[in-house]
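One structure below.
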Amino acid sequence: MQVIPVDNTRLGSVTFVRSEPDAVFGTGEQKERNGLLVWAVETLIRPEEGRSSVEVVKVAAPSSPEFEPLTPLNFDSLIARHWENNGRTGISLSADGVNAAGNSSRHNRAAEKSE
């Protein structure tokens, strides 16, 4: 599967909507990555030109990333992956961590290990 690095600065405005556990389809069991729970962080992306869209970014963290609604976000090592399943295709987004823009407090594996 091809991994495509994404430049946060080229996305325009990225703000927090909500987060929820990323569950395995059919079982409802929360996914894990590297021993951490995976969270689906719903974001509103507003490019400088064009239409806004709501996109989900998967982040592994010890607890749910929570911010005030519409808080500007930065993602650490944001990547896109192309997927195909039963004739459907799309792009999934994931990151190593997330923090409020201008704030160094992160929700990710590295932040948990340093505490």
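The values are calculated or read from the model by the stated rules, or taken from the named source; none is laboratory data. If you're wondering where the values come from, they're calculated on a predicted model, not measured in any experiment. Note that we place each Cβ from the backbone using ideal geometry, even for glycine, and neighbour counts take in every protein chain shown. Keep in mind that these areas ignore ligands, DNA and RNA; they rest on the heavy atoms of the full protein, side chains included. Shrake-Rupley method; radii C 1.70, N 1.55, O 1.52, S 1.80 Å.
Can you list the strands (runs of 3 or more DSSP E) lying wholly within region 1-48 that have 1 or more residues being surrounded by 15 or more Cβ atoms within 10 Å (Cβ to Cβ) and free of Cβ contacts under 8 Å to residues at least 40 places away in the same chain?
In region 1-48, the matching strands (runs of 3 or more DSSP E) lie at 36-46.
How many residues does region 75-98 contain that are over 18 Å from Glu32 (Cβ atoms), assigned to a strand (DSSP E or B) and either open to solvent by less than 50 Å² (accessible area, probe 1.4 Å) or of a type in the set (Gly, Ala, Ser) (or both)?
Counting residues in region 75-98 that are over 18 Å from Glu32 (Cβ atoms), assigned to a strand (DSSP E or B) and either open to solvent by less than 50 Å² (accessible area, probe 1.4 Å) or of a type in the set (Gly, Ala, Ser) (or both) gives 6.
I need the full set of residues from region 47-66 which are of a type outside the set (Val, Ile, Thr), over 19 Å from Pro5 (Cα atoms), modelled with pLDDT of 95 or more and under 16 Å from the mean Cα position of the chain (by Cα), in order please.
Correct list: Ser53 only.
List pairs: first residue in region 86-115 and at pLDDT 70 or above, second residue among the aromatic types (Phe, Trp, Tyr) and open to solvent by 70 Å² or more (accessible area, probe 1.4 Å) anywhere in the structure, Cβ distance under 9 angstrom, at least six positions apart or on different chains.
Thr89/Trp83; Gly90/Trp83; Ile91/Trp83; Ser92/Trp83
Open to solvent by 100 Å² or more (accessible area, probe 1.4 Å) and in contact with a helix residue (DSSP H, G or I) (Cβ under 9 Å, 6 or more places away or on another chain) - does that describe any residue in region 56-68?
no
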